[in-house]
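First the structure, then my questions, so here it is.
The values are calculated or read from the model by the stated rules, or taken from the named source; none is laboratory data. This is a predicted model, so every value here is computed, not measured. Cβ sites come from the backbone with ideal geometry, for glycine too, and all protein chains shown count toward neighbours.
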């Protein structure tokens, strides 16, 4: 009986030694308890949620800015369309009268009666210029008529990037008289004012 009990005690000791050898090097710090893991997981979830909210707010702000810019451009387009529809009808009566005055002046200059007198007096080419507001300029042109002259006159305006709004032509003189070309041109001339003088000079040099 004592021998059996001793064998059981030795068996228990062997089992204990086996367990101790198996658990050697084990520490509770290797696998932390769930109570320690929970706060870390919670923080990670909070950070992820915060990042998502920030991205959402940034995207919403970007969309809002795009919509504002679109509305601003629509308003500008609308205003420009209204202005564009009004401008062609804004040629002031004063400008119309000035153009008519230049046309009449050219007609008078080209009358047959004055034509003979100017021919005897060695008539020279001339360009009368009247500058109005907004860059609108009236040109009263009188030149000895020849082929392609009208085309060359318009090439001068094109050269100086002037926008021709209106133009009239009058040719006078017969076979025994020197034929002359009268032209009135209404144009928008840019630049600082020097272009008007350059246009006049180039026309006189034709």
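Restricting to region 136-187, name every residue that is within 16 Å of residue 126 (Cα to Cα) and assigned to a loop (DSSP other than H, G, I, E, B).
145, 146, 178, 179
Please work out which residue is farthest from residue 164 (Cα to Cα), limiting yourself to region 194-206 and to residues that are out of contact with any helix residue (DSSP H, G or I) (no Cβ under 8 Å at 6 or more places or on another chain) and in contact (Cβ under 8 Å) with a residue 12 or more places away in the chain. Steps first, answer last, please.
Just the residues of region 194-206 that are out of contact with any helix residue (DSSP H, G or I) (no Cβ under 8 Å at 6 or more places or on another chain), to begin with: 194-198, 200-201, 204-205.
Of the ones still in play, those that are also in contact (Cβ under 8 Å) with a residue 12 or more places away in the chain are 195-196, 198, 200, 204.
On the way: 195: 14, 196: 13, 198: 16, 200: 14, 204: 18 Å.
Per the stated criteria, the residue is 204.
Inspect region 161-168 for any residue being loosely packed, with under 14 Cβ neighbours inside 10 Å, without any contact (Cβ under 8 Å) to a residue 60 or more places away in the chain, in the same structural domain as residue 100 (by TED's automatic domain parsing) and in contact with a helix residue (DSSP H, G or I) (Cβ under 9 Å, 6 or more places away or on another chain) and give the result as yes or no.
Checked region 161-168: at least one residue is loosely packed, with under 14 Cβ neighbours inside 10 Å, without any contact (Cβ under 8 Å) to a residue 60 or more places away in the chain, in the same structural domain as residue 100 (by TED's automatic domain parsing) and in contact with a helix residue (DSSP H, G or I) (Cβ under 9 Å, 6 or more places away or on another chain).
Among the residues in region 171-180, are any within 28 Å of the chain's Cα centre (by Cα), at positive phi and modelled with pLDDT under 85? Quick ask: steps written out before the conclusion?
So in region 171-180, the residues within 28 Å of the chain's Cα centre (by Cα) come out as none.
No, because not a single residue in region 171-180 is within 28 Å of the chain's Cα centre (by Cα), at positive phi and modelled with pLDDT under 85.
To continue, here is another question. Since residue 153 meets every condition but one in (1) touching a helix residue (DSSP H, G or I) at 6+ places or on another chain (Cβ under 9 Å); (2) surrounded by fewer than 14 Cβ atoms within 10 Å (Cβ to Cβ); (3) modelled with pLDDT of 90 or more, which condition does it not meet?
(2)
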